[in-house]
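K.L.:
Please read through the structure below; I'll follow up with questions.
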Ligand code: SAM
């Protein structure tokens, strides 16, 4: 009789998020296929579980996948895990699931945290319809092809990014999308968890002065319906002018306008100084 495959979600930071059912499944299966066995051994040690491990990662996925499939066909049960979060989501796994489907092997899910969905829920942006965009390519051409392809996307978009590439990514997004609302979610479930709800422009300015550290998810507002373009800096300055004309002090107007538009208080303040030139 055939065995089966379990896709097991693991914590994205906080070990307390490893579910009791995941511990149960780990204890009951025959072997674990792990993206990095050293990372998974730490998790197993924490929960006092001993199981044989095989490695299954991006560059051995075909060869290792075939061996895993033949063991499952031979009657063994396997749990697939990645280093963190849900296997198959910007992590190895989708090929193994497809191979199981081709071989008539049952695949069951033991869900756990996913950075993308956690960030979306935290973002304060519309969650009703969204797209997951994963990582942008580091190659300039495909990076801009990707950004241009989603420029008019109306649904909220979720991107993953590494800290050392964050600033360049915010810059490129700003150049293609224009200024938009963004939630920058950092170190979710960890000690320094933080969510910045701001705009692309303000996020770019912030991280130009504060080196990004940790793991990031970027959740970006979709494009506005046609006929309702995103707010430009000129629109924000016009709004500022109306507030000042209405009797508000320059300082208070710049502060309020910055909060409402996401452009920085200083840039608006400086623009307003030129009103009477
Ligand atoms: N499979 C994982 C999941 O379900 O979220 C994603 C794996 S992907 C290789 C790793 C990326 O996920 C990181 O570069 C970062 O963008 C995001 N990520 C993972 N853990 C995170 C955390 N604790 N806080 C913020 N982002 C995180």
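K.L.:
Pull out the extension gain between residue 176 and residue 59, defined as 0.36 nm times the separation in residues minus the alpha carbon to alpha carbon distance; nm, one decimal.
P.N.:
Details: separation 117, 0.36 × 117 = 42.12 nm, distance 3.25 nm.
Length gained, residue 176 through residue 59: 38.9 nm.
K.L.:
Right, another one. Do you know the relative contact order of the chain, to the nearest whole percent, from alpha carbon pairs under 8 angstrom that are 6+ apart?
P.N.:
Relative contact order, the chain: 17 percent.
K.L.:
If I fit a long axis through the Cα atoms of helix 200-209 and take the longest principal axis of the Cα atoms of the chain, what angle between them do I get, 0 to 90°, rounded to 10?
P.N.:
Taking the Cα atoms of the chain, the angle to 200-209 is about 80 degrees.
K.L.:
Based on the Cα gyration tensor of the range 103-169, what are the three equivalent ellipsoid semi-axes, each the root of five times an eigenvalue, rounded to whole Å and given largest first?
P.N.:
Details: eigenvalues 125, 62, 41 Å².
Semi-axes (√(5λ), whole Å): 25, 18, 14.
K.L.:
Additional query: Evaluate the distance, in nm, between pseudo-label points positioned 7 Å from the Cα of residue 30 and of residue 102 along their respective Cα→Cβ axes.
P.N.:
Result for the modelled spin labels: 2.1 nm.
K.L.:
Between 118, 19, 267, which gets the highest mean-square fluctuation from a Gaussian network model of the chain, Cα cutoff 10 Å?
P.N.:
267
K.L.:
Let me ask you something else. With everything on Cα atoms, drop me the angle between helix 233-245 and the longest principal axis of the chain, reported from 0 to 90° to the nearest 10.
P.N.:
The angle comes out at about 50 degrees.
K.L.:
Return the distance in nm (one decimal) between the two label points of a simple spin-label model at residue 274 and residue 109, each offset 7 Å from Cα along Cα→Cβ.
P.N.:
For residue 274 paired with residue 109, the spin-label model returns 5.2 nm.
K.L.:
Roughly how many whole Å is it from the C-alpha centroid of the range 31-61 to that of the range 90-105?
P.N.:
Cα centroid to Cα centroid, the span is 18 Å.
K.L.:
Say we join alpha carbon atoms closer than 10 Å with springs in a Gaussian network model of the chain; which of 179, 106, 83 then has the biggest fluctuation?
P.N.:
Result for the chain, Cα springs under 10 Å: 106 fluctuates most.
K.L.:
While we're looking at this one, here's another question. Relative contact order for the range 4-113: what percent, with Cα pairs under 8 Å and sequence separation of 6 or more?
P.N.:
Averaging sequence separation for qualifying contacts and normalising by length gives 47 percent for the range 4-113.
K.L.:
Here's a follow-up. Under a plain spin-label model, where a point goes 7 Å from the Cα along Cα-to-Cβ, how far apart in nm are residue 73 and residue 2?
P.N.:
My value for the distance between the label points is 1.0 nm.
K.L.:
Assuming R0 = 41 Å, what is the FRET efficiency of residue 250 and residue 139, from their Cβ-Cβ distance, to the nearest 0.05?
P.N.:
For R0 = 41 Å, the calculated efficiency reads 0.35.
K.L.:
Ok, one more. On C-alpha positions alone, give me the angle between the axis of helix 250-261 and the longest principal axis of the chain, in degrees, nearest 10.
P.N.:
Between the helix axis and the principal axis of the chain, the angle is about 30 degrees.
K.L.:
Under a 10 Å cutoff between Cα atoms, tell me which one of 31, 18, 108 has the largest fluctuation in the Gaussian network model of the chain.
P.N.:
Its mean-square fluctuation being the largest, the pick is 108.
All of the numbers you see were taken from the coordinates with simple rules; none came from a lab. Note that this is a predicted model, so its numbers are computed, not measured. Counting neighbours? That spans all protein chains shown, and the Cβs are built from the backbone with ideal geometry, glycine included.
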